[in-house]
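Reading through the structure tokens given below for one structure.
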Amino acid sequence: MGADGPRVGPIAVIGSNMVDLISYIHRMPGEGETVEAPDFRMGCGGKGANQAVAAARLGSEVVMVTRVGDDVFADTTLRNFADNGIDTEHVLRTRASSGVAPIFVDPESRNSILIIKGANALLTPQDVEAARPAVARCELIVLQLEIPLETVRAAMDLGRELGIPVLLNPAPASPDLDIAQLRSVDFLVPNESELELLTGMPVDDLEDVRRAAEVLLEAGVHDVIVTLGARGALWVHEGGQELIEAPRVQAVDTTGAGDAFIGCFATSWVRTRDIAAAIRAGTAYAADSVTRQGTQSSYARA
Ligand code: ATP
């Protein structure tokens with residue numbers, strides 16, 4: 001069932017968008033120095049946009065709530081949303097720079113990354129409120145932490161008020177997110193380092209991960225799904241735990257794997273309401289994405 005078939009959802013993604021500006025360099029210039037670099041590439045990214053694109057490519061109807069700037073990067077992002085069939089009614093133009101990420105890749109494939117949040121930092125609780133009629137039609141709200149925390153909280157509150165399940169991907173890890181704020185979260189999907197920062201507990205082995213996840217259940221989260229890279233994902237819930245292994249693949253580039261997992265999990269859960277099946281689908285889709293270079297460019301279409 002591809003983007004042109006019967007659609008799932010809708011799903012509301014309330015979050016970020018970025019344009020990646022990737023320079024392939026021989027070396028970083030020193031202070032006051034100008035050096036030539038051999039290559040440059042531009043790509044659409046941002047955790048919110050990545051998750052929205054993965055979900056849309058798998059057949060979800062996606063309502064995107066985000067802010068872009070008033071520059072050419074905004075045009076690129078809007079075109080990308082449209083190309084992926086994403087509803088852009090709540091993609092708001094802002095008198096600011098768009099979110100951009102200048103990335104420098106050296107000949108050994110080591111990355112140095114700057115994040116300029118730009119318009120993403122200006123997405124407000126009022127913007128979430130303005131999107132209420134569109135969000136009210138949705139079957140799942142998907143959130144991350146590249147927008148202001150008060151806006152994430154407003155979206156969680158709206159989900160609770162409307163009785164719509166909320167998925168929070170607490171990424172990038174934020175010391176400002178308190179676990180007491182997570183009681184409106186149905187699905188919390190951290191990776192190991194995000195789980196460690198959130199709980200202040202070690203995550204050295206699976207038993208540690210389970211113990212830390214249980215603290216989040218006690219805080220009111222319904223289901224904790226910890227992504228574990230090549231090992232897959234651990235689902236911890238009131239009734240127990242289940243390790244869902246990722247297929248073994250030859251990994252080429254793992255950037256955006258977590259976002260691929262979430263876009264697929266969201267689509268599959270809305271379609272089936274079966275959490276284990278949705279995690280299996282998410283691990284398989286994310287594993288496939290790491291076999292190709294790039295972020296959104298590595299996301300398959302259904
Ligand atoms: P990123 O920040 O790179 O987007 P993440 O840290 O949020 O990733 P991970 O836990 O590394 O998320 O990976 C998410 C999912 O991607 C895993 O649950 C797994 O299904 C898949 N995955 C990641 N790396 C590999 C790998 N080397 N082989 C197979 N699957 C992988």
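The values are calculated or read from the model by the stated rules, or taken from the named source; none is laboratory data. The structure displayed is predicted, hence computed values, not measured ones. Counting neighbours? That spans all protein chains shown, and the Cβs are built from the backbone with ideal geometry, glycine included.
Numbers at a glance
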{"quantity": "Residue under evaluation Gly85, criteria (1) touching a strand residue (DSSP E or B) at 6+ places or on another chain (Cβ under 7 Å); (2) small (Gly, Ala, Ser); (3) closer than 27 Å to Trp269 by Cβ; (4) assigned to a loop (DSSP other than H, G, I, E, B), criterion not met", "calculated": "(1)"}
{"quantity": "Ser109, sole failed condition from (1) part of a loop (DSSP other than H, G, I, E, B); (2) more than 21 Å from Leu21 (Cα to Cα); (3) at pLDDT below 95; (4) of a type outside the set (A, V, I, L, M, F, W, C)", "calculated": "(2)"}
{"quantity": "Index of the failed condition, Val249 passing every other in (1) among the hydrophobic types (A, V, I, L, M, F, W, C); (2) within 15 Å of the ligand (Cβ to nearest atom); (3) assigned to a helix (DSSP H, G or I)", "calculated": "(3)"}
{"quantity": "Residue pairs meeting the criteria (Cβ under 8 Å; at least 6 apart or on separate chains; first under 16 Å from Glu218 (Cα atoms), in region 183-202; second among the acidic types (Asp, Glu) and at pLDDT 95 or above)", "calculated": "Ser184/Asp157; Asp186/Asp223; Phe187/Asp223; Leu188/Asp223; Met201/Asp208"}
{"quantity": "Selection within region 238-281 - surrounded by fewer than 24 Cβ atoms within 10 Å (Cβ to Cβ), of a type in the set (D, E, K, R) and either modelled with pLDDT of 95 or more or within 17 Å of Val224 (Cα to Cα) (or both)", "calculated": "Glu238, Glu242, Glu245, Arg248, Arg271, Arg273, Asp274, Arg280"}
{"quantity": "Conditions (1) more than 8 Å from the ligand (Cβ to nearest atom); (2) within 24 Å of Asp20 (Cβ to Cβ); (3) outside any loop (DSSP other than H, G, I, E, B); number of the one not met by Ala281", "calculated": "(2)"}
{"quantity": "Of residues in region 252-278 being over 24 Å from Met18 (Cα atoms) and not hydrophobic (A, V, I, L, M, F, W, C), the one nearest to the ligand (Cβ to nearest atom)", "calculated": "Ser268"}
{"quantity": "Residue match in region 222-237 (condition: assigned to a helix (DSSP H, G or I), over 17 Å from Ala276 (Cα atoms) and more than 13 Å from the ligand (Cβ to nearest atom))", "calculated": "no"}
{"quantity": "Single match in Arg137, Arg160, Arg153 (criterion: in contact (Cβ under 8 Å) with a residue 60 or more places away in the chain and of a type in the set (Lys, Arg))", "calculated": "Arg137"}
{"quantity": "Among (1) assigned to a helix (DSSP H, G or I); (2) within 17 Å of Leu206 (Cα to Cα); (3) more than 7 Å from the ligand (Cβ to nearest atom); (4) not basic (Lys, Arg) - the single one Leu243 does not satisfy", "calculated": "(1)"}
{"quantity": "Neighbours by Cβ (under 9 Å, 6+ apart or cross-chain): first from region 288-302, farther than 20 Å from Gly59 by Cα; second part of a loop (DSSP other than H, G, I, E, B) and of a type in the set (Asp, Glu)", "calculated": "Val290/Asp253; Thr291/Asp253; Arg292/Asp253; Gln293/Asp253; Gly294/Asp253"}
